[in-house]
1. Can you figure out the FRET efficiency of Leu357 with Thr135, using R₀ = 45 Å and their beta-carbon distance, to the nearest 0.05?
2. For the range 254-446, calculate the relative contact order in percent as a whole number, restricting contacts to Cα pairs under 8 Å that are 6 or more residues apart.
3. Relative to the longest principal axis of the C-alpha atoms of the chain, give the angle of the C-alpha long axis of helix 182-193, reported between 0 and 90° and rounded to the nearest 10°.
4. Please check which bits of the range 9-50 a label hung off Asp334 would reach, taking the label as a point 7 Å along Cα-to-C-beta and the cut-off as backbone N under 20 Å.
5. At what distance in angstrom do the alpha carbon centres of the range 1-70 and the range 207-286 lie from each other?
6. Calculate how steeply helix 156-167 sits against the longest principal axis of the alpha-carbon atoms of the chain, using the helix alpha-carbon long axis, and give the answer as 0 to 90 degrees to the nearest 10.
7. In degrees from 0 to 90, rounded to the nearest 10, what is the angle of the helix 266-277 Cα long axis to the longest principal axis of the chain?
8. Show which lysines lie in cross-link reach of Lys330 when reach means a straight Cα distance below 19 angstrom and same-chain residues fewer than eight apart are skipped.
Amino acid sequence: MSKEPIIVSAIINGEKIQTDKKIARENPTHPEQIVGYAPNNTREETIQAIDAAHEAFKTWAWSNVDDRIERMNRAIQKIKDQMPEISELLAREHGKALYDAQGEIAISVMWMEFAVKNVKKITTPEERKHENGRTIIAQDPIGVVSAITPWNYPISLSTIKIAPALLTGNTMVLKPSPFAPLAVSLVTEIIADEFPAGVLNLVNGDAEVGIELTSNPKIAKIAFTGGTNTAKHIMKAASDTIKNMTLELGGNDAAIVLEDFDVNDERALRRMVISNFLSAGQICMIAKRVYVHRSIYDAFVEKYIEAANKWIRVGDPFHPEVTVGPVNNKNQVDYVKSLVEDAKNKGAKIIPLGTILNPELMDNGYFLQPTLVLGADVHDRVVVEEQFGPTVPILPYDSEEEVINLHNESIYGLTSSVWGEEEHAIKVARRIEAGTTMINTAAVQGLDVHFPFGGVKQSGVGREYGLDGIKSYTETHVINIPA
Ligand code: NAD
């Protein structure tokens, strides 16, 4: 499907800005097609956006919460109304299947509605009377937030930050990833139009813009989702001015299959397959290594392949039966290929999975046939690195101690899943180092915007979603009044 390229704007102090230098976003299904252009903003333009947000904060911080809620509700309604166009653009620029793009917008809306409904639980000051007098405990906005987001879920990972930040009285400069800047720019424009000038600003670009957004003294908080290595640069850049931070980073999530898992449970197997290959494996919270108790290993692998072959249908994101589209960009294709190649060279067996529905697209587009890696060593790159692509190693283990150690050896700790008899699985889950552990389900199927989400160790700092995800845009301010 070829269409005229769309041109999106930067938003600085309420003005829609075009620049001569642009980021051209290609279509991963047909890389010769340009889906659209976003401005490639300069450092100076980024400073203008930060200055605008800094000025707007002076009044926005003290605005009425009911007014903020009304504005956000109007924006949510407009996003819902424009869901078909936005999800289509997202699928074209990202490569994810259309149903996945629609799901991303649905979860964004779900979260924004949760934030609207619950913001007063956080912003209403608590007053306590005690023998020394009384104390008011208020949650104040922090200031200008810089939000920096990745390409894999560009809309949901931006609205996860925009909604709580603005509702609690902060202002923001958002910078999406150059690998998927278009649909998120439309959503940001819809929201920004409902708020006073300078409250929500949008710039595009890559590291240079990111460096300004993480070092500028007027930025009070950084809300970052992206890779762990990028976060290390960000922490350094922010250290001179000690900024508040929420970091949602990479993961190498494991699925642990216990000896009492029923290999004939087709529903569970389907969930696991989806949790390995949804969005071509490009999800932070997807299972990237599967450990199976040796007593059921062979039977499990056989049933897993059956389930995968049923669910995985690779092709054009707009084909109604496609479940897995192309990978988002060429770098990612090359990286995933290198991990699989490395395991193969060391003797692992590579099993192709699923059906290819559009063979004519495979060579030109950024497609990778999903694969299973069997016989890899626990320390092979395909096991220890975050593949972020459609491949997964399945490895046997002998004892629970062993598998818990293998799990916890990782530098990451984002999500994990345990599969088997429920109470047994919960016991194992309690010993796992991760921000979220799901039982007999995984990935987005186990995601619930009502509960905090985030990582431990090098998977992140802080939480998004849930009341914690709203509170993280506030600072506690205690006012003591003596008796
Ligand atoms: P990335 O770290 O390469 O880029 C993320 C963002 O940071 C982009 O907007 C990029 O332009 C910007 N950036 C790059 N260099 C910067 C710098 N020096 N200073 C400031 N900003 C800079 O990540 P990506 O490839 O876009 O996304 C994939 C990664 O994101 C994976 O590791 C994935 O696990 C992670 N992720 C984590 C979560 C989570 O919730 N924990 C969710 C989605 C993705």
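1. Numbers: r = 63 Å, r/R0 = 1.41.
The computed FRET efficiency comes out at 0.10.
2. Numbers: 384 pairs, mean separation 56.1, N = 193.
For the range 254-446, the relative contact order is 29 percent.
3. The helix 182-193 is inclined about 30 degrees to the chain.
4. Zone members listed by number: 24-33.
5. Centre-to-centre distance over Cα atoms comes out at 23 Å.
6. The angle comes out near 20 degrees.
7. Computed tilt is about 60 degrees.
8. Here the lysines satisfying the reach criterion relative to Lys330 are Lys96.
Every number in this text was worked out from the coordinates using simple rules, so none of it is lab data. A quick note: this is a predicted structure, and the numbers were derived from the prediction, not measured. Counting neighbours? That spans all protein chains shown, and the Cβs are built from the backbone with ideal geometry, glycine included.
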